[in-house]
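Notes to accompany the following structure.
Quick note: the coordinates plus some simple rules give every number you see, no bench work behind them. As the structure is a computational prediction, the values presented were derived from the model and not from experiment. Cβ placement follows ideal geometry from the backbone for every residue including glycine, while neighbour counts extend to all protein chains displayed.
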Amino acid sequence: MRLLMILLLLSCIFKSGICSTADQFKVDGKVLELDESNFDSAISSFDYILVDFYAPWCGHCKRLSPQLDEAAPVLAGLKEPIVIAKVNADKYTSLASKHDVDAYPTLKLFMHGISIEYFGPRKAELLVQYLKKFVAPDVSVLSSDSAISDFVEAAGSFFPIYIGFGLNETVISNLAVKYKKRAWFSVAKDFSDDVMVLYDFDKVPALVALHPSYKQQSIFYGPFEDEFLGDFIKQNLLPLVVPLNHETLKLLKDEERKIVLTITADENEDQSQNLIKVLKAAASANRDLVFGYVGVKQWEDFADKFGVDGKTKLPKMIVWNGDEEYFSVIGIESLDKEDQGSQISQFLEGYREGRTERKTVKGPSFMGFINSLIGIRTVYIIVFIVAVLMLIQSIGKDDEPLRVGRRDEVDHAESSEAESSQYGPEKKED
């Protein structure tokens, strides 16, 4: 009997590592509480684990916690389970520092031990729908009309959806892997004429790109070589005209194309909506550019970066490089109410011919912008720290100037705190 027990113990060790470690972590639908002693073991025990780095005093963290509790059992029940865990980053500071946590809450998704920062929604139902993308097949094979319908419904509205009708999955598999984190990919092997009418294509093979949340779709009939196919997929990762807000701005982070930005007084007004329709037509014919719009009423701080104030004639058009520079077209900075299509054409022609004036993005009020993004408590902390540093500097012997931070650090702080007013990506506090 003793020999049998020893053999069982050795078997447990060789199969699962240490038995206590295997028992410690179970996919039971509960949120795991991690610390420095068990964090690495947890990450290595699960293929997919979403970790919430939180602080007990953080308001956003307190509101997020019940959402994670609600999502955890649903994610644990997936065919490829996703475990949710949390770390008190305010207590385990070295662990937080190791994983580049500089604000709360910070969510990181670990996939086979490799982490990416989670920028998706924070409401339980939406969070589940968003995370399903990461455990889905690279390319789903659909064999009936109902399978196509179920796939589109399950995909939701956060990512664009690509359906290849009459295509072999190998045609898009490489690109599906490349853009797995940004879109759903599928091929339909069997479908009816009704589906062709529904998705508005009249021959096969065809690749249909859908943007459910924007009610937009595009169709590609080839050629299906990587270069042309890749261009179509990349260009359709964004809708024709992007409404710029905290949630969509992150999508432009790695965008190489320039952004034709239209600034209106209120993007919800009828005049603005009519203008957006004209912009869609221009965007469809100028795929080498990204078209976007923002309303001053919706995001005044962002519009202020481009010199928009109470005296600015709106709508205003500029071409932005996505960073610190933008270009105005000489003579066509603003649009009149009449014949806006012709004015937009003239604007694009002037830009392409180089009749532009280069300008630098304006910095908004530091206190006002920071206060709006991260909350007054953090502002007080920042002010206090800066004041202490200035006092130390004034009484020290060194004359080296105080360094507040680099532009990329400020950008990171802005993007990290940008979601304070909604559940969207990068909502952090403190």
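Placing pseudo-labels 7 Å out from each Cα toward the beta carbon at ASP288 and GLU153 gives an inter-label distance of 4.4 nm.
Note on the range 119-179: Cα convex hull, mean projected area over all directions, 4.6 nm².
Computed extension gain for ASP301 through SER44, at 0.36 nm per residue and net of the alpha carbon distance, reaches 88.3 nm.
The order of the peptides 180-193, 111-124 by mean Cβ neighbours within 10 Å, most packed first, is 180-193, 111-124.
For the range 241-360, a Kirkwood radius taken over Cα pairs fed into Stokes-Einstein (37 °C, viscosity 0.692 mPa s) yields D = 231 µm²/s. Between SER37 and ILE330, what is the spin-label point distance in nm, taking each point 7 Å from the Cα along the Cα→C-beta axis? About 7.1 nm separates the two model spin labels.
3J(HN,Hα) along the range 191-208: 7, 9, 5, 4, 5, 5, 5, 4, 9, 6, 10, 10, 7, 10, x, 8, 10, 9 Hz, from the Karplus curve 6.51 cos²θ - 1.76 cosθ + 1.60 with θ = phi - 60°, whole Hz, x for Gly and Pro.
Cross-link pairs exceeding 21 Å between alpha carbons, from the set LYS316/LYS337; LYS30/LYS250; LYS311/LYS362; LYS30/LYS132: LYS30/LYS250. The gain in end-to-end length when the LYS250 to LYS313 segment is fully stretched comes to 19.9 nm, 0.36 nm per residue minus the alpha carbon separation. What does the charge add up to near GLN235, with Lys and Arg as +1, Asp and Glu as -1, over the other residues with Cβ less than 13 Å from its Cβ? Around GLN235, the charge tally is -1. Taking only the alpha carbons of the range 245-284, we obtain Rg and Dmax values of 11.8, 32 Å in that order. Once the chain from GLU70 to ASN168 is taken as fully extended at 0.36 nm per residue, the excess over their C-alpha distance is 31.4 nm. Our summary of shape: the Cα atoms of the range 137-235 have principal axis extents of 31, 27, 24 Å, ordered from largest down, in whole angstrom.
All alpha carbon pair distances within the range 22-133 were sorted into 10 Å bins beginning at 0; the resulting P(r) in whole percents reads 15, 52, 31, 2.
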